[in-house]
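The next block holds one structure in the form of structure tokens; read it before the comments.
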Amino acid sequence: MDMQGGGFPAGDSTAVQHVRLAGGGTAAAVAPVVTHHRDDLLIGEVIDISGSASRILLDAATIGQLAGSSDSAVAMAGQVGAQVKIRVGNSWLVASIRDQQLHEKGEGLIVATIDFLGEGDEEKITGRIHNFRRGVTRYPIPGSPVFAAASNDLKQIYAADERAHVEIGTIYPTRDIRGSLYVDAMLGKHFALLGSTGTGKSTSAALILHKICELAPQGHIVMVDPHGEYSAAFKGTGALFDVDNLALPYWLMNFEEHCEVFITAQGRERQADCDILAKCLLQARTKNRLAEGMTKLTVDSPIPYLLSDLLSILTNEMGKLDKATSSAPFMRIKGKIEEMRADPRYNFMFSGMLVADTMAGFLGKIFRLPSDGRPISIIDVSGVPSDITGVVVAVLSRLTFDYAIWSRGEPQRPILLVCEEAHRYIPAKDVGQGQAVRKILERIAKEGRKYGVSLGLITQRPSDLAEGVLSQCGTIISMRLNNERDQHFVKAAMPEGARGFIDSIPALRNRECIVCGEGVSIPIRVFLDTLEEEKRPASSDPLFSKLWRETGGEAEIIERVVRRWRSQGR
């Protein structure tokens, strides 16, 4: 069969027999004749086989003829990102085209690299693919015919099975095949949602969480929202917390978190200050009647104590010093505690009302136990002073993990912790402030699934995340990434079979994403559904051209802003 003279006849009943090249030779020996159904569209043959990726030879003329097809999958046949199928025995192998180049000798011939996605059985009557699964049992041999995958094939390949799933959008390049995420597999092994600013990342996160909430209205989701975007999206289905109603008791902090808040010294002095704080903090906790009879009371135990007790113990200890010992460490700690207690910005954590034993109520409120039809807590930390934002996130994350550990043996209530702007809390550098939150989130990434804690990371800078955290995420949902370094990090974290999809990350449209890993049967490229206006986060960019035409009332605006600014009220 001469590929230059008009290409492969679509629906021909024989395999490719010769592929004549411009130099007069043949690219492959005569392949055994293999019959196939008349609606299978022959577009090329296999020329090179290796483990995960192989190469095929395509006929440009045939691909050109198919481009006008009314079937969107067939119209994409042979193009980068499209799927092809190859018959092996009674099975169909499905592969995705990664890249293409013109054949060095043949006009109208294209060499393409493919990544195998999986295999399915052949239905005896229709010849269609069914019972599709990931992985390859038998590889084809060079010379095997290659067919375009039509929409009917893709429906079988991408159809969600009976496992619990949520539909999030439409599979590329089709118009009606739905893309699904398997909720148990995705949450059981953590997930990451990545994408540059402006690609629709916040809306996509809201879409996925809304779908999960609809599937599981008695769920337990905690979302840390650093910009105050998501309260608007979940006002109907979520419990909303900010500095006005969070009431996070300071005594829930462990010793390391206390040090981050109360210790200002650096270097050698820091260790001395920490030792003093540990001794005095343990004494303050011991004074509470809850501590009576406890044999294993430690500086980390979440026992309420009074800040006034801690200050008086510091003063007593300072009084015991001999003249040669400096009182500077005591003065530094006392100064910092008094400063924070007097600052109204820290009232959500250090107000006088937070000393009663409210631990059970606080945990029930934050973790939605019971959920009362509002399965998600949105914790808006945008009003939290920047110097303790990391500590607040650390306390919430550690409470999630510790609750899961200490509730073993009880009826299980798994918790999903979603961390927006994750690169702020799990930075690549392991020195400086914010180490408490980094440690606990890394620990949840590594060990959380054993205890029923799932981690969802949302970030625009995966390259700034601590190394290893991204690789702990079993499902990666990647939107467009413009930065080459970020693309490289995502490539390293994604499974081998998804490499062809990764190359298209810089070319994705807004609201389009690549999903691969545990949450999907095979890697998919999905155009996400449109979210209703009232369910969207408040993250739309200002329209300069429109807003800069408006004027009037500026003096009153400034007055109101200054008043809020001075009173630290939002």
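The values are calculated or read from the model by the stated rules, or taken from the named source; none is laboratory data. What you see is a predicted model; the values in this text were computed from it and never measured. Heads up, the Cβs are rebuilt from the backbone with ideal geometry, glycines too, and the neighbour counts pull from every protein chain shown. Protein only, heavy atoms only, side chains kept; ligands, DNA and RNA dropped before computing areas. Shrake-Rupley method; radii C 1.70, N 1.55, O 1.52, S 1.80 Å.
When both bridge partners sit in the chain, DSSP labels roughly 65% of those beta bridges antiparallel. For residue 289 and residue 365, the FRET efficiency from 1/(1 + (r/R0)^6), where r spans their Cβ atoms and R0 equals 30 Å, is about 0.80.
Straight Cα distances below 20 angstrom link residue 124 to the lysines 85, 155, with same-chain residues fewer than 8 positions distant left out. When only DSSP loop residues count, what trypsin sites (Lys or Arg not before Pro) in the stretch 497-567 have their Cβ near at most 11 other Cβ atoms within 10 Å? Qualifying residues, ordered by number: 549. The convex hull defined by the C-alpha atoms of the stretch 470-545 has an orientation-averaged projected area of 6.7 nm².
Shape class for the stretch 132-181: oblate, because the ratio a/c of the largest to smallest gyration tensor axis (alpha-carbon atoms, square roots of eigenvalues) is 1.5 or more and b/c is at least a/b.
The mean sequence distance of close C-alpha pairs (under 8 Å, at least 6 residues apart), as a share of the length of the stretch 346-435, puts its relative contact order at 22 percent. Taking the charge dipole of the chain about its Cα centre, with +1 at Lys and Arg Cβ atoms and -1 at Asp and Glu Cβ atoms, the residue from 156, 51, 76 reaching farthest to the positive side is 51. Close lysine pairs were tallied over the stretch 185-323: pairs 8 or more places apart or on different chains with Cα atoms under 17 Å apart number 6.
For residue 244, the solvent-accessible surface with a 1.4 Å probe is about 140 Å², rounded to the nearest 10. With all pairs of separate Cα atoms included, the stretch 114-199 yields a Kirkwood hydrodynamic radius of 15.5 Å.
For residue 339, neighbours were defined as the other residues whose beta-carbon sits under 14 Å from its Cβ, and their charges (Lys and Arg +1, Asp and Glu -1) total +2. Straight-line cross-link partners of residue 535 among the aspartates and glutamates, defined as a Cα under 12 Å from its Cα and at least 8 positions apart when in the same chain: 229. Only Cα sites of the stretch 440-570 enter the Debye sum here, all with the same form factor; the resulting log10 I(q)/I(0) across q = 0.20, 0.23 1/Å is -1.20, -1.42, listed in q order. Given +1 at the Cβ of Lys and Arg, -1 at the Cβ of Asp and Glu and no other charges, the dipole of the stretch 107-259 around its Cα centre is 420 debye to the nearest 20.
Mean residue ellipticity at 222 nm, helices only, the chain: -9500 deg cm²/dmol; runs of at least 4 DSSP H residues each add -39,500 (n - 2.57), and the sum is divided by the number of residues. The largest-to-smallest principal axis extents of the Cα set in the stretch 180-280 are 54, 29, 28 Å. Take the stretch 280-374, drop everything but the C-alpha atoms, weight them equally and run the Debye formula without solvent; then report log10 I(q)/I(0) at 0.11, 0.15, 0.22 Å⁻¹ to two decimals. Reported log10 I(q)/I(0), two decimals: -0.45, -0.75, -1.19.
Exposure check, 1.4 Å probe, all protein chains in place: residue 103 carries approximately 40 Å² of accessible surface. Taking Cα centre as origin and charging only the Cβ of basic (Lys, Arg, +1) and acidic (Asp, Glu, -1) residues, the dipole magnitude of the stretch 284-391 rounds to 120 debye. Taking the Cα centre of the chain as origin and assigning +1 to Lys and Arg Cβ atoms and -1 to Asp and Glu Cβ atoms, the resulting dipole is close to 1140 debye. Based on C-alpha pairs under 8 angstrom that are at least 6 apart in sequence, the stretch 271-405 has a relative contact order of 18 percent.
Surface listing: 124, 450 arranged by accessible area from highest to lowest gives 124, 450, probe 1.4 Å. Projecting the Cα atoms of 95, 325, 348 onto the charge dipole of the chain (Cβ charges, centred on the Cα centre) puts 325 farthest toward the positive pole.
Roll a 1.4 angstrom probe over the protein heavy atoms and tell me the percent of accessible area of the stretch 463-555 that is carbon or sulfur.
Carbon and sulfur: 50 percent of the exposed surface of the stretch 463-555.
For the stretch 73-152, the antiparallel share of DSSP beta bridges with both residues in that region comes to about 100%. Here, P(r) means the percent of Cα pairs in each 5 Å bin from 0 to the largest distance; for the stretch 385-441 it is 4, 19, 26, 21, 13, 9, 6, 2.
Calculated accessible area for the chain comes out at 46 Å² per residue, all protein chains present (probe 1.4 Å; ligands, DNA, RNA ignored).
A value for Cα extents along the principal axes in Å was derived from the coordinates, and within the list (1) 75, 68, 48; (2) 87, 50, 47; (3) 100, 64, 46 it appears as (3). Taken over the stretch 434-517, the ratio of Cα radius of gyration to 2.2 N^0.38 Å equals 1.13. Based on C-alpha pairs under 8 angstrom that are at least 6 apart in sequence, the chain has a relative contact order of 17 percent.
Plugging the Kirkwood radius over Cα pairs into Stokes-Einstein for the stretch 267-325, at a temperature of 25 °C and a viscosity of 0.890 mPa s, what D comes out in µm²/s?
The estimated diffusion coefficient comes to 196 µm²/s.
Could you quote the convex hull projected area for the stretch 50-172, Cα atoms only and averaged over all directions, in nm²?
Result: 8.7 nm².
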